[in-house]
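Here's the structure, in structure tokens; my notes come after.
The values are calculated or read from the model by the stated rules, or taken from the named source; none is laboratory data. These numbers come from a predicted model, not from an experiment. Cβ coordinates were reconstructed from backbone atoms using ideal geometry, including for glycine residues, and neighbour counts include every protein chain displayed. Heads up: the accessible areas ignore ligands, DNA and RNA and are worked out on the full protein's heavy atoms, side chains in. Shrake-Rupley method; radii C 1.70, N 1.55, O 1.52, S 1.80 Å.
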Amino acid sequence: IIVAEALLSQVDATAKVLKTFPGSELIGATYESPYQLSLEEGVDRVVFGEHVTAESGTGIASIAPAYGEVDSQVGKRESLPMVQTIRPDGTLKSGMNLPGEGLFMKEANKAIISDLDQRGFLVRQEVIHHTYPFCWRCDSPLLYFPTTSWYIAVTKIKDALVAENEKINWLPTHLRDGRFGNWLEGARDWAVSRDRFWGAPMPIWECPDCDKIKVVHSIKDIEVDNAFDLHRPKIDKVTLPCACGGTMKRVPFVFDCWFESGSMPYAQHHYPFEHSDQFNPERGTGYPADFIAEALDQTRGWFYTLHVLGVALFGQRAYKNVVTSGLILASDGKKLSKRLRNYTDPEVVFSTIGADALRLFLFTAASIGEDYRFSDAAVNDVKRRWITPLLNSVQYYHLSLPQCEKDKAPSAEHALLDEWIKARVAQARYQVTEYMDGDDTHSPFDLARACRVFGPLVEDLSTWYIRLSRGRTDQAFTETLQAVLVKISTTFAPFLPFLTEHIYQAVKLSDPKFPESVHLCTLRSLDEWKNESIINEMELARKVVSLGRDARVKVGIPVRQPLRSLIVTMQADAELNLSEPVKDLVAQELQVDKVVVEKNASSDSMIMVTLDSTLTEDLRNRGMANLLRRTVQDLRKQAALQPGDAAVVSIPELDDSVSMLLRDQLGQTELVQEAYSGEVIGHTEITEGERSLDITLYSR
């Protein structure tokens, strides 16, 4: 027995060592095989293989060049025959004097081991556990099997492939020289033939007599009409005469489906037979593509085959820009599987949550090229945070239209709010355009960055502009809100086609300047509403509001309780300031009577706020009125009353001073301080300090 010294104890611990020598002395030695599988000379000899180690086995391994990639490489190097012992159905061939003829290969193993044992060749038997390929659909064990293949000589154009890849803009950028570039550097010849029935038949005819090959260019070469079915089995019946006098038959293969996918740019135009006005690489018409998009796994699929065929046929890249998304995974990080059903059917997501909610999730949940973890809850969260507030803004626009007073001018602070939201929309439109067009520092088609502009803009519109504009009846408000909603819909139409069309149709006027659909609109000028100074000032105001709210929490005074003043202290050299209209907005938001700005050279912080927390009787009464107003609003909401529905609220024992303040704030709700003979539709009790009040809402 010849065995690697390091493995002797594993093979036979009781064996006596007769001789040791370097393994290189075995190279070229011949031996008698237990089974004579080939009549060729030099088959049963020892050759060198880097894959054989002294970590397992015996240090000497039998190889089967027909059934393994590494074995095949060694076999080609040593000119060993490709002996096939197994049929395509996985059973052992007959007539080779092998035990287990006709049995499935796994069952034949038992017969072979038994035969070796009976003949005295078996030294040791063991079970080795290792990874093995299985069909991902049916879990059947797979077998490497040798077959005749046709190849595209990719290695001959590898330098051109690498050079043309340098001209492509990849997103994310690291893929160009990383995943895709590395794949091109190691590119091998591409086996494009498949031994299948379905698919595009390879247009190659071969003569069995002289081995001459003819590649057919069009149906004219095989003399059939346009109605002829070029698929199998009819195409297999077409024969061609050979110059040797023999009959040429089509090779029994179809194309790799990726060959068809990679041919898409010209195949879709039936090039070169038709439509040269739409596709002509020499003139740059229709080629290369401006951009393509697919998932990360296509770096070795569609992206690759497009590139290989484009460079092989036309000497240039097939696309200028490629946007690569990550893979969509289940919430636990596992791959989505039809068999496991670890995801919700997309049609169900579309019908219950919305197609554009899913789009927005996919655009924003991960950076370009990174994987997603999909869940219904995550898509629902996107809808709740951004889509629903935008739809509510549209609804508020329609609710405000009947209240609009055409001749009423907006207050100074509301006029400033209008200018701010226009500037904010202009800023968002500029950002989206910048991220999609690209610049010196950013690649174009950055869909993730462009779509992430949407959420903050919707939040600014709903939680700042509309909330601070509630109760407005001036025409400037409805006109501004309508114009803003149109601008938002045209800006994000390419990303959210259904949502934006719905909004556009809901708010556009019957005016020729509005195209029939949002998808027929243009972005128009990006500068008409541009105003960086007002955006910066409003950012400062919102910072002040945030600090003011924190200050209220620290002193334990809720926002509904009015206070006398807020002092804003900024550094003396601060460039920004708060104009009077902005001060009024801050005062309104923080429920203070006035806002005072002071510049202080000794201030360590850029900005600080100080609240005057002294409460007078008037301030307390106003705070109580605010609390009651909010309580009545909650009761109306619980009773499902609409803004224009009349009602009566009874609050006995209410102070006259509070009553006077409250009456002006209740709108369509009448305040009485005695019992009312109507249907009770809501009731609650509130306690403020030592005071307790019963509040009853009646229908009217």
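What is segment 443-538 by shape, rounded, prolate or oblate, if you read a ≥ b ≥ c off the alpha carbon gyration tensor as root eigenvalues and call it rounded for a/c under 1.5, prolate for a/b larger than b/c, and oblate otherwise?
Numbers: a/c = 1.62, a/b = 1.10, b/c = 1.47.
The shape class here is oblate.
Under the classification rounded if a/c is under 1.5, otherwise prolate if a/b is larger than b/c and oblate if not, where does segment 134-180 fall, given a ≥ b ≥ c as square roots of the Cα gyration tensor eigenvalues? Working shown, then result.
Values: a/c = 4.93, a/b = 1.67, b/c = 2.95.
Oblate is the answer for segment 134-180, as a/c is 1.5 or above yet b/c matches or exceeds a/b.
How many nm separate the modelled label positions at Thr155 and Gln316, each set 7 Å beyond the Cα in the direction of the Cβ?
3.0 nm
Whole-Hz ³J(HN,Hα) for each residue in segment 481-497, computed from phi via Karplus 6.51 cos²θ - 1.76 cosθ + 1.60 with θ = phi - 60°, x for glycine and proline: what do you get?
5, 5, 5, 5, 5, 5, 4, 5, 5, 6, 5, 9, 4, x, 9, 10, x
What residues qualify as long-range amide H neighbours of Ser193, i.e. H under 5 Å apart, gap of 5 or more or another chain, H built at 1.01 Å from N?
HN-HN under 5 Å from Ser193: Trp150, Asp256.
Taking all protein chains in place and a 1.4 Å probe, what share, in percent, of the accessible surface of the chain do carbon and sulfur account for?
Percent of accessible area from carbon and sulfur atoms in the chain: 50.
Give, rounded to the nearest 20 debye, the magnitude of the charge dipole that the chain has about its Cα centre when Lys and Arg contribute +1 at Cβ and Asp and Glu contribute -1 at Cβ. Walk me through the numbers on the way to the answer.
Numbers: 76 positive and 97 negative charges, 193 e Å.
Dipole magnitude for the chain comes out near 920 debye.
In this model, which of Lys383/Lys487; Lys422/Lys583; Lys214/Lys249; Lys220/Lys249; Lys487/Lys530; Lys76/Lys249 are farther than 18 Å apart at the alpha-carbon?
Distance filter (> 18 Å) returns Lys383/Lys487; Lys422/Lys583; Lys76/Lys249.
Taking the Cα centre of each part, how many Å lie between segment 223-265 and segment 627-671?
So the separation of the two Cα centres works out to 83 Å.
Could you tell me the largest-minus-smallest coordinate of the C-alpha atoms of segment 344-421 on each of the three principal axes, in descending order and whole angstroms?
Principal extents (Cα only, largest first): 53, 26, 14 Å.
Using DSSP, restrict attention to beta bridges with both residues in the chain and report what percent are antiparallel, rounded to the nearest 5.
Details: 36 of 60 bridges.
Close to 60 percent.
Over segment 486-620, what is the percentage of antiparallel beta bridges among all DSSP beta bridges, to the nearest 5?
Details: 5 of 13 bridges.
That works out to approximately 40 percent antiparallel.
What 222 nm value per residue comes from the helices of the chain, counting each DSSP H run with n ≥ 4 as -39,500 (n - 2.57) and dividing by all residues, nearest 500 deg cm²/dmol? Write down the numbers at each step before the final one.
Working: 22 runs with 238 residues, N = 700.
Result for the chain: -10000 deg cm²/dmol, rounded to the nearest 500.
Only one of the values [x] 1.48; [y] 0.96; [z] 1.09 was calculated from this structure for Cα Rg over 2.2 N^0.38 Å; name its label.
[x]
Provide the net charge surrounding Ser489, with neighbours chosen by a C-beta distance below 11 Å and charges set as Lys +1, Arg +1, Asp -1, Glu -1. Kindly include the intermediate steps, with their values, before the conclusion.
Details: positive: Lys487, Lys508; negative: Glu501.
With Lys, Arg at +1 and Asp, Glu at -1, the net is +1.
Out of the trypsin sites (Lys or Arg not before Pro) in segment 273-336, which ones are loop residues according to DSSP with at most 10 other C-beta atoms within 10 Å? Present the calculation step by step, with values, prior to reporting the outcome.
On the way: sites: Arg283, Arg300, Arg317, Lys320, Lys334, Lys335; in loops: Arg283, Arg317, Lys334.
Within segment 273-336, the qualifying trypsin sites (Lys or Arg not before Pro) (loop, at most 10 other Cβ atoms within 10 Å) are Arg283.
Determine the shape class of segment 341-493: with a ≥ b ≥ c the square roots of the Cα gyration tensor eigenvalues, call it rounded for a/c under 1.5, and otherwise prolate if a/b is greater than b/c, oblate otherwise. Can you show the working numbers first?
Working: a/c = 3.08, a/b = 1.58, b/c = 1.96.
Oblate shape, in that a/c is at least 1.5 and b/c is the bigger or equal ratio.
Using Cα centres only, tell me the gap between segment 557-581 and segment 79-155 in whole Å.
Going from one Cα centre to the other spans 83 Å.
With a cap of 12 neighbouring Cβ atoms within 10 Å, and only residues DSSP puts in a loop, list the GluC sites (Glu not before Pro) found in segment 156-231. Could you put the intermediate results ahead of the total?
Details: sites: Glu164, Glu166, Glu185, Glu206, Glu223; in loops: Glu166, Glu223.
Hits after loop and neighbour filter: Glu166, Glu223.
State the Cα centre-to-centre distance between segment 473-529 and segment 30-78 in whole Å.
73 Å
Zone of Asp139 (label point 7 Å along Cα→Cβ, backbone N under 17 Å): which residues in segment 333-363?
Label zone hits: 337-342.
Can you list residues from other chains, or at least 5 along the same chain, whose modelled amide H is less than 5 Å from the amide H of Arg373?
Counting only residues 5 or more places away or on other chains, the set is Leu329.
Measuring from label point to label point, each 7 Å out along Cα→Cβ, what is the His129 to Val672 span in nm?
So the two model labels end up 8.3 nm from each other.
Leaving out ligands and nucleic acids, note down the accessible area per residue over the chain with a 1.4 angstrom probe, in whole Å².
58 Å²
What list of ³J(HN,Hα) couplings, whole Hz, do you get for segment 85-92 from phi and the Karplus terms 6.51, -1.76, 1.60, once you set θ to phi - 60° and write x for glycine and proline?
In residue order, the calculated couplings are 9, 10, 6, x, 8, x, 9, 6 Hz.
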